[in-house]
Amino acid sequence: MLSCLCADNQASKMPRRFFVGGNWKMNGDKASIDGICEFLKQGPLDKNVDVVVGVPAVYLEYVKARLPEDVQCAAQNCYKEPKGAFTGEISPAMLKDIGVEWVILGHSERRNIFGESDELIAEKCCHALDNGMKVILCIGEMLEDREAGKTEEVVVRQLTACAKKIKEWANVVVAYEPVWAIGTGKTATPAQAQEVHAQIRNWMKEKISPDVADATRILYGGSVSADNCRELAKQHDVDGSLVGGASLKPDFVKIVNANVK
Ligand code: 13P
C-alpha cells in the first residue's frame with residue numbers, strides 16, 4: 001500500500017505523458033497490416049509519446065512481431081474470468097501469455113452493439129487490472145444524452161461503476177469518446193472536449209484522489225484526424241487521443257506527433 005502511495009505522489013509531480021491509441025476495430029488483413037506496421041516503422045514517432053494500437057485478437061501475435069519497438073499492442077476486449085466455459089471469449093491471462101499488456105475496455109461499440117453494461121465493463125476492468133494488464137477505459141455519451149444535457153451524468157455513471165471495483169488507477173488510461181463523434185466526421189470542438197475532460201478530472205479528484213486525478217491520462221476519441229489533432233491536444237485536460245479510422249492510415253503518424261504541450 002505504502003509503495004502505491006509513493007508511486008502516486010511521484011506521478012502527480014510529473015507532467016502526464018502524451019498517449020495516442022489506434023483502435024483498428026474489425027479492420028485489416030495481413031497485407032494491410034504489413035502496410036500499417038511499415039508506416040509506423042518509417043515514422044518517425046515522437047519518443048515522448050506512448051503509442052498503443054488496438055488490434056483484432058486473431059492478429060495480435062502477427063502484429064506484435066512486426067511493430068517497431070516503441071509501439072505497443074492492445075486487445076480490443078477481454079473477459080472477466082481467467083478461463084472456463086465462455087465460448088468466444090479471451091482472458092487477460094491469455095493476453096499476457098502472448099505478451100500483450102494492454103486492453104481496450106468499455107468501447108461504445110461494445111456497450112451499444114453488444115449490450116455490455118456498466119457493471120460488466122467494471123468487472124472486466126477490475127479483472128484485467130488485477131491480472132497485471134493496462135486498460136484503456138472508454139466512456140462517452142450518446143447524441144440524445146448530450147441533447148438532453150446529460151453528458152456529465154452519463155460519464156460519471158460509467159466511471160462510478162468502475163470506481164466501485166478498481167482499486168488502483170496507475171494502469172488505467174481513460175478515453176472520452178462521445179458516441180455521436182465516432183466514425184461520423186463530427187469531432188467534438190476542442191472546447192467541448194476540454195469541458196468534459198475537466199469534468200472527468202474533477203470527478204476523479206473528488207471521488208478517487210487528487211493524485212489519481214493529476215496522474216491519469218484522459219484521451220479524446222471521435223473523428224480525430226491529422227487536421228484536428230493539434231487543436232484538441234492543446235487543451236489543458238486532453239492528454240492524447242484514441243483514433244479509429246485514421247489509425248489505419250499514414251496520417252496516424254501526424255496524430256502521434258501532435259504532442260504540442
Ligand atoms: P473514429 O476515429 O473512426 O471516429 O473512431 C473513434 C473510436 O471509436 C476510437 O476508439
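The values are calculated or read from the model by the stated rules, or taken from the named source; none is laboratory data. Keep in mind that what you see is a predicted model, and the values were worked out from it rather than measured. Heads up, the Cβs are rebuilt from the backbone with ideal geometry, glycines too, and the neighbour counts pull from every protein chain shown. Areas reflect the complete protein model, heavy atoms only, side chains present, ligands, DNA and RNA absent. Shrake-Rupley method; radii C 1.70, N 1.55, O 1.52, S 1.80 Å.
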Legend entry - Filter result (of a type in the set (D, E, K, R), in contact with a Lys or Arg (Cβ under 9 Å, 6 or more places away or on another chain) and surrounded by 14 or more Cβ atoms within 10 Å (Cβ to Cβ)) within the stretch 36-58: Lys41, Asp50
Inset, instruction - Would you mention how many residues in the stretch 56-78 are in a strand (DSSP E or B) and not aliphatic (A, V, I, L, M)? - result: 2
Inset, instruction - Consider Val103 carefully, then state whether it is part of a strand (DSSP E or B), open to solvent by less than 60 Å² (accessible area, probe 1.4 Å) and either more than 17 Å from Val212 (Cβ to Cβ) or among the small types (Gly, Ala, Ser) (or both). - result: yes
Inset, instruction - Please state which one of Ala215, Ala163, Ala188 is under 18 Å from the mean Cα position of the chain (by Cα), within 24 Å of Val103 (Cβ to Cβ) and buried (at least 20 other Cβ atoms within 10 Å of the Cβ). - result: Ala215
Legend entry - Residue ID - nearest to the ligand (Cβ to nearest atom), chosen from residues in the stretch 202-245 that are of a type in the set (Asp, Glu) and part of a loop (DSSP other than H, G, I, E, B): Asp227
Legend entry - Evaluation of Gln199 against (1) assigned to a helix (DSSP H, G or I); (2) of a type outside the set (A, V, I, L, M); (3) open to solvent by less than 30 Å² (accessible area, probe 1.4 Å) (one fails), failing number: (3)
Legend entry - Flag for Gly140 being within 25 Å of Cys229 (Cβ to Cβ), touching a Pro at 6+ places or on another chain (Cβ under 7 Å), within 16 Å of the ligand (Cβ to nearest atom) and open to solvent by less than 70 Å² (accessible area, probe 1.4 Å): yes
Inset, instruction - Please list, ordered by first then second residue, the pairs with beta carbon atoms under 6 Å, 6 or more apart or interchain, first in the stretch 11-33 and under 16 Å from Val212 (Cβ atoms) and away from the ligand (no atom under 16 Å from the Cβ), second modelled with pLDDT of 95 or more and small (Gly, Ala, Ser). - result: Ala11/Ala215; Ser12/Ala215
Legend entry - Candidate set: the stretch 170-185, residues that are open to solvent by 50 Å² or more (accessible area, probe 1.4 Å) and in contact (Cβ under 8 Å) with a residue 40 or more places away in the chain; chosen: the one nearest to the ligand (Cβ to nearest atom): Gly183
Legend entry - Subset of the stretch 1-30 (residues that are modelled with pLDDT of 95 or more and open to solvent by less than 80 Å² (accessible area, probe 1.4 Å)): Arg16, Phe18, Phe19, Val20, Gly21, Gly22, Asn23, Trp24, Lys25, Asn27, Gly28, Asp29
Inset, instruction - Considering (1) more than 16 Å from the ligand (Cβ to nearest atom); (2) assigned to a helix (DSSP H, G or I), say which one Gly149 fails and leave the rest. - result: (2)
Inset, instruction - Count, please, the residues in the stretch 111-134 that happen to be open to solvent by less than 60 Å² (accessible area, probe 1.4 Å), closer than 21 Å to Ala181 by Cβ and not in a loop (DSSP other than H, G, I, E, B). - result: 3
